[in-house]
Amino acid sequence: MSLLEVVSLSKEFGGLKAVQDVGFAVEAGVVHSVIGPNGAGKTTLFNLITGVYTPTQGEIRLDGVDVAGRRPDQLAALGVARTFQNLQICMNMDACENVMVGAHLRLDRNVIRAALRWPGLVRRDRELREEAEALMAFVGLGDHVHARADGLSYGILKRLEIARALAARPRILFLDEPAAGLNPRETIEVGELVRRIAADGVTVVLVEHDMKMVMSLSDRILVMDYGRKLVEGTPDEVRRHPDVVAAYLGKHA
Amino acid sequence: MTNRITSLVGLAIVTAVVAIIPFVAPNSFYLDLAIRTGINAVVVLGLNLLIGFAGQISLGHAGFIGLGAFASAVLPTHFGWHPLAAMAAGSLAAGALAAVVARPIFRLRGHYLAMATLGLGIIVNIVLRNEAQWTGGPDGMPVPAMTLFGIDVVSDRQWYWIVGALLLVSIWASLNLIDSPFGRAMRALHGSEVAARVVGVDVTRYKVAVFVMSAMFAGLMGSVTAHYVGFVSPALADFGHSVELLTMVVVGGMASVFGSVVGAVLLTALPQLLATLEGWETVAYGAVLVLCMIFLPKGLVPTLAARFERRRR
Ligand SMILES: Nc1ncnc2c1ncn2[C@@H]1O[C@H](COP(=O)(O)OP(=O)(O)OP(=O)(O)O)[C@@H](O)[C@H]1O
Ligand SMILES: [Mg+2]
């Protein structure tokens, strides 16, 4: 059974068919990329699978169970994590706290014990801070563990989001254009980071416009255009496919 | 960790001030002012959790104060309840009312949320004014004395220490809460609601929880006010009172625990200090608020803290 199986998924925004009848399957342990021109529906697809949007139609199966229409927090409990194309950082918290909040579901969230500074809760929080700092080091932000979020650069915040998503210890991680807006050196670092995340056993679904990164990292690629699935296959199959060359790569190459 | 040290230093300073005031206050006028400041500070702390930390709004918090205050007046007078039981009931009733209306209210956003809480406050106010056979109507009613362990709590000194203790405990608990998994989730849904949701925060539940908590703070302090003053009137639940509390949050500093205390101190004491201006006090009061908003848009304590931090670097 595939870890994630999407069956004829559709989303309409008042007549606009942002995602249309898309189906694909993601096996556990792979890097599965989603590519396509601007407006193809990649982010909408992520929003559907992570519960931010409710599908108009179709099924989303995690371990064979249909989870379409569940709330994001319920899906997080099933091991789904993600980052955002447009940054979603909590500027009212420091950098490390942004990562710590990623571990929300693994913590004691009782309000009374929190207000009373319950020893067990405080101890766990102290461990968590160390975990979060280690995660920041893992994504290459070791120098910024004490920084405020609102003083950090775009490229750093992109990686801070990845650290936050990892703090949840997800089974499947959705990365929406993690290299967008980064300089070439940062882009290479993020590519390496995705490779290390996958090596740790996290299934990665990646939306990215940087073709070099996509081709070198991916086990499989889904190509979307105008909300529809165009092709799905290995990087080699996708690269050679005439429709892809015409619809997408052709415009770039 | 440095945050924690700053917090503890702040708590120590407030403790010292609370401990000294009764010995240096020249007369009962100042003790009375201190008690009312303390009561406001606790309410403002709860309101700041909701507004400053969780990023929601309430224009009806005076309604919860009125509910708590009238529970302490009505239940012992008409039903013979023990004042402590009435106090607990008042706080619980405020929390329950908040819980019942919270779900539909938090589906709304922005100014709709403001309108809904405004309406809630107005309804409580109207009920208190109209149910004259129970509440004394617009004139209000006297409140039986609080008895603790068989002793009547009636003197200003007694109430001073009770309010002081409540204030210190509230500050301590708020500081703890903010720096906990619950508190981070509450702040995160303010920072980015969608980010909070995808890491597993059930945002509606958290908003409701914070709203209920701050309503219970308000209800409890309404009871304390009732017993301390010995009399309640529906004016406690007026919209103007809600706005005063909001102003304390904003002037002291959103999302700042000590800002809440400073805001309460300034805006409770200010009208008294301005009273010498004979007729111009409202103008002066307004001018202070406008100047605060222009020069300290983040509130007093956060602005000063940021300035201090910058100088240290
Ligand atoms: N909330 C929304 N309401 C209305 N239309 C939307 C909404 N979200 C997306 N769309 C539309 O759906 C289509 C697909 O958008 P989407 O953001 O999924 O594309 P994308 O493939 O992620 O593009 P990009 O590469 O630019 O990020 C676009 O036409 C977009 O305008
Ligand atoms: Mg997109």
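The values are calculated or read from the model by the stated rules, or taken from the named source; none is laboratory data. These figures come from a predicted structure and were not determined experimentally. Please note: Cβ atoms are built from the backbone with ideal geometry, for glycine as well, and neighbour counts cover all protein chains shown. Ligands, DNA and RNA are stripped out before the accessible areas are found, and what is left, the full protein with its side chains, is counted by its heavy atoms. Shrake-Rupley method; radii C 1.70, N 1.55, O 1.52, S 1.80 Å.
Some notes on this structure:
- When A:Leu173, A:Leu160, A:Leu193 are checked against the criterion of being within 14 Å of chain B (Cβ to nearest Cβ), in contact (Cβ under 8 Å) with a residue 12 or more places away in the chain and either outside any strand (DSSP E or B) or within 16 Å of ligand 2 (Cβ to nearest atom) (or both), a single residue qualifies: A:Leu160.
- The residues of the range B:77-95 that are touching a helix residue (DSSP H, G or I) at 6+ places or on another chain (Cβ under 8 Å) and within 22 Å of B:Asn125 (Cβ to Cβ), listed by number, are B:His78, B:Ala86, B:Met87, B:Ala89, B:Gly90, B:Ser91, B:Leu92, B:Ala93, B:Ala94, B:Gly95.
- Annotation: B:Tyr206 fulfils all but one of (1) open to solvent by 40 Å² or more (accessible area, probe 1.4 Å); (2) within 14 Å of chain A (Cβ to nearest Cβ); (3) within 17 Å of B:Leu47 (Cα to Cα); (4) in contact (Cβ under 8 Å) with a residue 40 or more places away in the chain; the unmet one is (1).
- Residue satisfying condition, being under 23 Å from A:Leu9 (Cβ atoms) and without any contact (Cβ under 8 Å) to a residue 24 or more places away in the chain, within set A:Asp225, A:Asp243: A:Asp243
- Qualifying position, being away from ligand 2 (no atom under 16 Å from the Cβ), among the aliphatic types (A, V, I, L, M) and open to solvent by less than 60 Å² (accessible area, probe 1.4 Å), among A:Val238, A:Val223: A:Val238
- Within the range A:128-144, the residues that satisfy the criterion of being surrounded by 20 or more Cβ atoms within 10 Å (Cβ to Cβ) and assigned to a loop (DSSP other than H, G, I, E, B) are A:Val139, A:Leu141.
- Listed conditions (1) free of Cβ contacts under 8 Å to residues at least 24 places away in the same chain; (2) within 16 Å of ligand 2 (Cβ to nearest atom); (3) open to solvent by less than 60 Å² (accessible area, probe 1.4 Å) are all met by A:Val67, apart from (2).
- Residues considered: B:Ala196, B:Ala173, B:Ala255. Of these, the only one that is of a type in the set (A, V, I, L, M, F, W, C), open to solvent by 30 Å² or more (accessible area, probe 1.4 Å) and within 14 Å of chain A (Cβ to nearest Cβ) is B:Ala255.
- One residue stands out among those in the range A:29-52 that are under 15 Å from the mean Cα position of the chain (by Cα) and open to solvent by 40 Å² or more (accessible area, probe 1.4 Å): the one that is nearest to ligand 2 (Cβ to nearest atom), which is A:Thr43.
- The set of residues in the range A:196-211 being more than 16 Å from ligand 1 (Cβ to nearest atom) and part of a helix (DSSP H, G or I) consists of A:Arg196, A:Ile197, A:Ala198, A:Ala199.
- Subset of the range A:4-18 [within 7 Å of ligand 1 (Cβ to nearest atom) and either touching a Lys or Arg at 6+ places or on another chain (Cβ under 8 Å) or closer than 24 Å to A:Val202 by Cα (or both)]: A:Ala18
- Residue match in the range A:49-60 (condition: more than 16 Å from ligand 1 (Cβ to nearest atom), over 30 Å from A:Val244 (Cβ atoms) and either in contact (Cβ under 8 Å) with a residue 40 or more places away in the chain or within 11 Å of another protein chain (Cβ to nearest Cβ) (or both)): no
- Yes/no for A:Leu121 being open to solvent by 40 Å² or more (accessible area, probe 1.4 Å) and either more than 8 Å from chain B (Cβ to nearest Cβ) or at pLDDT 95 or above (or both): no
- Of all residues in the range A:70-87 being buried (at least 22 other Cβ atoms within 10 Å of the Cβ) and assigned to a loop (DSSP other than H, G, I, E, B), the one that is nearest to the other protein chains (Cβ to nearest Cβ): A:Phe84
- Here B:Ala94, B:Ala86 are screened, and the one residue that is closer than 30 Å to B:His190 by Cβ and at pLDDT 90 or above is B:Ala94.
- Residues of the range A:203-216 satisfying the condition of being of a type outside the set (Lys, Arg) and out of contact with any Lys or Arg (no Cβ under 6 Å at 6 or more places or on another chain): A:Thr203, A:Val204, A:Val205, A:Leu206, A:Glu208, A:His209, A:Asp210, A:Met211, A:Met213, A:Val214, A:Met215, A:Ser216
- Any hit, the range A:96-105, residues being within 8 Å of another protein chain (Cβ to nearest Cβ), out of contact with any Leu (no Cβ under 9 Å at 6 or more places or on another chain) and within 16 Å of ligand 2 (Cβ to nearest atom): no
- Of the residues in the range A:224-238, none is more than 16 Å from ligand 1 (Cβ to nearest atom), farther than 27 Å from A:Val22 by Cα and in contact with a helix residue (DSSP H, G or I) (Cβ under 6 Å, 6 or more places away or on another chain).
- Selection within the range B:76-109: residues that are surrounded by 21 or more Cβ atoms within 10 Å (Cβ to Cβ) and not small (Gly, Ala, Ser). The member of this set that is nearest to B:Val43 (Cα to Cα) is B:Met87.
- Of the criteria (1) open to solvent by 20 Å² or more (accessible area, probe 1.4 Å); (2) in a loop (DSSP other than H, G, I, E, B), which one A:Arg61 fails: (2)
- Here the condition is being surrounded by 19 or more Cβ atoms within 10 Å (Cβ to Cβ), touching a residue at least 12 places away in the same chain (Cβ under 8 Å) and more than 15 Å from ligand 1 (Cβ to nearest atom); of A:Ala147, A:Ala165, A:Ala179, it holds for A:Ala165 alone.
- Candidates B:Gly46, B:Gly66, B:Gly80, B:Gly119, filtered to the one that is at pLDDT 95 or above and within 24 Å of B:Ala132 (Cα to Cα): B:Gly66
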